[in-house]
Amino acid sequence: MEYPKLIQETIALLEEKKGEEIVAIDVRERTPFTDFYILVTAPNMRAVGAYAESLEEFFEGKVEDLRKIEGQPESGWVLVDGGEVVVHIFTEQKRRELSLEDLFLKSLA
């Protein structure tokens, strides 16, 4: 699948930050509030916060309205809502625990 430029650039940023298991899920046909979910695993809680900060800075120049950042790095999960794209940043343990990827993919089936 050829992703839109914003999604490609978001993935590239996460790869540059050494994000792992990056998955982009196209939800344009399924939800009115975003076009893509991106899920990424960070190696530790500190990296969760660093990824969120980097995304906030990145989206400031790219999206019309950075809607919100939710969660705390200490919880192992932070959500960055960039409008067209919602990025979920997890520690490995929290990603397995929440299984959002399975939930999103099942809801799209």
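The values are calculated or read from the model by the stated rules, or taken from the named source; none is laboratory data. Bear in mind the structure is a predicted one, so any value in this text is a computation, not a measurement. Glycine also receives a Cβ, built like all others from the backbone with ideal geometry; neighbour counts cover every protein chain displayed. Heavy atoms of the whole protein, side chains included, go into the accessibility calculation; ligands, DNA and RNA do not. Shrake-Rupley method; radii C 1.70, N 1.55, O 1.52, S 1.80 Å.
Assorted remarks:
- When each of 65, 102 is tested for being among the charged types (D, E, K, R), at pLDDT below 90, loosely packed, with under 13 Cβ neighbours inside 10 Å and farther than 20 Å from residue 6 by Cα, the lone residue that passes is 102.
- Selection within the range 44-62: residues that are open to solvent by 80 Å² or more (accessible area, probe 1.4 Å) and without any contact (Cβ under 8 Å) to a residue 40 or more places away in the chain. The member of this set that is farthest from residue 12 (Cα to Cα) is 46.
- Any hit, the range 79-91, residues being open to solvent by 70 Å² or more (accessible area, probe 1.4 Å), more than 11 Å from the chain's Cα centre (by Cα) and farther than 18 Å from residue 25 by Cα: no
- Some residue of the range 84-91 being touching a residue at least 12 places away in the same chain (Cβ under 8 Å), of a type outside the set (Asp, Glu), closer than 24 Å to residue 105 by Cα and not in a strand (DSSP E or B): no
- Qualifying residue in the range 42-55 (condition: modelled with pLDDT of 95 or more, closer than 18 Å to residue 103 by Cβ and in a strand (DSSP E or B)): no
- Only one of the listed residues (71, 19) is modelled with pLDDT of 90 or more and at negative phi. That residue is 19.
- Residue list for the range 8-41, restricted to those being open to solvent by less than 80 Å² (accessible area, probe 1.4 Å), closer than 17 Å to residue 95 by Cα and part of a loop (DSSP other than H, G, I, E, B): 19
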